[in-house]
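Asks: If you scroll down you'll find the structure; I have some questions about it.
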Amino acid sequence: MNHPRVCNVTTDFSISRSLSLSPPQVPNLWISVNAKQLRPQLRHIALFLRYKRNLVRQRQRAEEAEMVTAVEKKTEHVTNGAPGFKLVGYANFVRHNLKSDRFHVKRFHHIEFWCTDATNSARRFSWGLGMPIVAKSDLSTGNLVHASYLLRSGDLDFLFTAPYSPSITGNLTNTASIPTFNHSAARSFSASHGLAVRAISIEVEDATSAFNISVAHGAKPSSPPVEIGDGVVLSEIHLYGDAILRYISRKNPNLNLIFLPGFEKYEEGSSYPLDFGIRRLDHAVGNVTNLAEAVSYVKEFTGFHEFAEFTAEDVGTSESGLNSVVLASNDEMVLLPMNEPVFGTKRKSQIQTYLEHNEGPGVQHLALVTEDIFRTLREMRRRSAVGGFEFMPSPPPTYYRNLKNRAGDVLTDEQIKECEDLGILVDRDDQGVLLQIFTKPVGDRPTIFIEIIQRIGCMVKDEEGKTYQKGGCGGFGKGNFSELFKSIEEYEKTLEVAKQITKPAAA
């Protein structure tokens with residue numbers, strides 16, 4: 001005798017208590033496979049499943065609304081942070097170069113890192129970036145205050161400085177090649193920030209005039225102008241956190257100095273004779289607690305104009321994000337982006353993580369321009385595990401499958417394949433194309449890192465007929481921010497897992 005098969009379906013509507021909508025009343029059912037008996041029960045089940053689907057959608061919409069509200073509240077906070085400041089987002093931003101610099105800015109001059117061991121820090125960056133050590137100021141040159149070593153590749157100069165013992169220096173502070181260097185400030189800086197950028201230095205027409213104009217327009221002075229020899233003048237302004245903006249000018253530009261007075265040529269054969277193709281600093285990015293205040297402060301004393309801006313909606317992920325504004329000089333070759341964290345997201349913003357580990361605002365990353373990113377990356381990756389720099393995880397294969405549609409008119413199939421092999425990200429704007437990749441943090445803390453970029457396009461001629469590439473060509477990787485953030489989020493998750501593993505068990 002054949003018996004009809006039966007199945008038991010149990011439903012639970014406890015989740016409906018918080019909703020005004022009443023679900024269909026479906027009791028426990030004994031369902032016969034007989035078609036006529038099955039139809040009413042199937043209708044009830046279908047209604048129930050539709051109800052459950054609607055409930056999930058409502059919850060998703062509620063979560064999205066909460067995130068949008070949080071971002072809007074943060075944007076309102078930013079907008080109210082300084083008179084006249086309001087973020088409009090990438091799509092609504094219109095760039096206007098008002099040529100409004102308050103003093104003549106020429107170029108980035110150098111970046112100075114403060115550390116506790118200048119020798120090994122300089123050698124690590126030299127090896128990892130292909131930047132030979134070309135100049136020094138230390139005990140061997142008569143400097144009893146600090147040890148400083150200069151790395152150079154093209155027009156990019158990195159200076160690494162560490163203090164000697166004050167007991168050695170005594171009253172001979174005039175032997176310092178950087179007269180503004182301070183023992184207690186350097187030690188406090190390293191204790192708070194670890195390996196970090198102390199100074200973003202720009203060459204100006206007149207460092208004394210630039211300082212006076214800056215202070216007259218609200219800048220906080222760090223060091224008044226001082227002539228350090230051979231007509232070179234140095235002055236310093238507080239930028240954000242413990243980072244400073246350093247002005248350098250030369251009365252005699254034809255004077256053949258290897259760097260600054262007091263520096264001597266590094267011994268040949270004592271540095272790695274490397275060149276990975278890195279040529280200049282493109283931009284130096286700072287992380288701040290309040291974007292409106294920081295942008296208004298820097299704009300006011302420099303006269304720099306807004307070159308680009310991004311909000312959390314433009315560049316965030318479902319878990320975290322930021323707001324960002326890029327300031328630029330008249331020729332748009334000195335670019336100073338600044339970021340702030342966004343709150344109310346599922347995960348803590350990477351910018352907030354930086355601010356906590358750095359103990360305040362500071363330089364987040366330095367973007368270095370290379371003439372051949374493929375060669376640069378091959379050399380850097382070859383040294384990643386032997387004293388060089390490691391890179392953030394590469395995007396998934398789907399990213400590169402879509403790349404031909406986005407940049408196939410600029411990059412060949414072979415170049416797209418090489419981008420995938422090396423983990424290079426590609427983006428473009430209305431002017432050109434940007435190739436970029438990011439290292440992991442370069443020190444113990446999840447703070448400062450390096451960006452390697454190559455810009456394609458935007459070649460124009462200046463008033464003298466010389467061809468050059470416009471600043472910011474190809475943008476700043478807006479289309480890649482989410483990929484970068486996902487990589488950083490995954491990296492931070494590994495730190496959280498390690499923290500949980502090492503956490504002592506409860507008694």
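Asks: Here's a check for you: in the range 266-299, which residue that is small (Gly, Ala, Ser) and more than 30 Å from GLY218 (Cα to Cα) is most open to solvent (accessible area, probe 1.4 Å)? Break it down stepwise before answering.
Replies: Going residue by residue through the range 266-299, those that are small (Gly, Ala, Ser) are 269-271, 277, 284, 286, 292, 294, 296.
So of that shortlist, the ones also more than 30 Å from GLY218 (Cα to Cα) come out as 269-271, 277.
Values: GLY269: 82, SER270: 44, SER271: 22, GLY277: 0 Å².
Residue satisfying both the conditions and the ranking: GLY269.
Asks: So the check is Cβ under 9 Å with 6+ separation or different chains; which pairs have a first residue in the range 218-232 that's open to solvent by less than 30 Å² (accessible area, probe 1.4 Å) and a second one that's assigned to a strand (DSSP E or B) and acidic (Asp, Glu)?
Replies: Within 9 Å, the pairs are SER223/GLU236.
Asks: With the requirement that a residue be surrounded by fewer than 21 Cβ atoms within 10 Å (Cβ to Cβ), in a helix (DSSP H, G or I) and of a type in the set (S, T, N, Q), what does the range 102-135 give you?
Replies: THR119, ASN120
Asks: Does PRO341 meet the test of being out of contact with any Lys or Arg (no Cβ under 7 Å at 6 or more places or on another chain) and closer than 25 Å to GLY474 by Cα?
Replies: Details: out of contact with any Lys or Arg (no Cβ under 7 Å at 6 or more places or on another chain): yes; closer than 25 Å to GLY474 by Cα: yes.
Yes.
Asks: Select from the range 276-294 the residues that are within 26 Å of SER126 (Cα to Cα) and assigned to a loop (DSSP other than H, G, I, E, B) and list them in ascending order.
Replies: Taking the range 276-294 as the starting set, the residues that turn out to be within 26 Å of SER126 (Cα to Cα) are 276-287.
Within the range 276-294, PHE276, GLY277 meet the criteria.
Asks: Hey, could you check the range 169-214 for residues that are closer than 19 Å to ASP138 by Cβ and hydroxyl-bearing (Ser, Thr, Tyr) and say which is surrounded by the most Cβ atoms within 10 Å (Cβ to Cβ)?
Replies: SER177
Asks: Let me ask another. Across the range 157-168, what is the total count of residues that are over 22 Å from LEU234 (Cβ atoms) and open to solvent by less than 20 Å² (accessible area, probe 1.4 Å)?
Replies: Residues meeting the conditions: 0.
Asks: Can you confirm whether the range 418-437 contains a residue that is touching a residue at least 40 places away in the same chain (Cβ under 8 Å), surrounded by fewer than 17 Cβ atoms within 10 Å (Cβ to Cβ) and touching a helix residue (DSSP H, G or I) at 6+ places or on another chain (Cβ under 9 Å)?
Replies: Yes; the residues of the range 418-437 include at least one that is touching a residue at least 40 places away in the same chain (Cβ under 8 Å), surrounded by fewer than 17 Cβ atoms within 10 Å (Cβ to Cβ) and touching a helix residue (DSSP H, G or I) at 6+ places or on another chain (Cβ under 9 Å).
Asks: Still on this structure, I have one more. Report the residue count in the range 393-449 for those that are part of a helix (DSSP H, G or I) and farther than 25 Å from PHE310 by Cβ.
Replies: Total meeting the criteria: 12.
Asks: Looking at PHE374, PHE389 in this structure, which one is out of contact with any Pro (no Cβ under 9 Å at 6 or more places or on another chain), of a type in the set (A, V, I, L, M, F, W, C) and assigned to a loop (DSSP other than H, G, I, E, B)?
Replies: Working: PHE374 fails: assigned to a loop (DSSP other than H, G, I, E, B).
Of the residues listed, the single one that is out of contact with any Pro (no Cβ under 9 Å at 6 or more places or on another chain), of a type in the set (A, V, I, L, M, F, W, C) and assigned to a loop (DSSP other than H, G, I, E, B) is PHE389.
Asks: Here is a further query. For HIS357, only one of the following conditions fails: (1) out of contact with any Ser or Thr (no Cβ under 7 Å at 6 or more places or on another chain); (2) surrounded by fewer than 22 Cβ atoms within 10 Å (Cβ to Cβ). What is its number?
Replies: (1)
Asks: Another question, if that's okay. Can you report the number of residues in the range 272-315 which are of a type in the set (Lys, Arg) and in contact (Cβ under 8 Å) with a residue 60 or more places away in the chain?
Replies: The first filter runs over the range 272-315 and keeps only residues of a type in the set (Lys, Arg), leaving 279-280, 299.
Going one step further and asking which of them are in contact (Cβ under 8 Å) with a residue 60 or more places away in the chain, we end up with 279-280.
Count: 2.
Asks: Only residues in the range 242-256 that are exposed (fewer than 11 other Cβ atoms within 10 Å of the Cβ) count as the first member; pair them with residues that are of a type in the set (A, V, I, L, M), Cβ under 9 angstrom, at least 6 apart or cross-chain, and list the lot.
Replies: ASN252/VAL232
Asks: Take the residues in the range 360-403 that are open to solvent by 10 Å² or more (accessible area, probe 1.4 Å) and polar (S, T, N, Q), then tell me which one is farthest from GLU414 (Cα to Cα).
Replies: The selected residue is GLN364.
The values are calculated or read from the model by the stated rules, or taken from the named source; none is laboratory data. None of the values given here were measured: they were computed from a predicted structure. Counting neighbours? That spans all protein chains shown, and the Cβs are built from the backbone with ideal geometry, glycine included. Heads up: the accessible areas ignore ligands, DNA and RNA and are worked out on the full protein's heavy atoms, side chains in. Shrake-Rupley method; radii C 1.70, N 1.55, O 1.52, S 1.80 Å.
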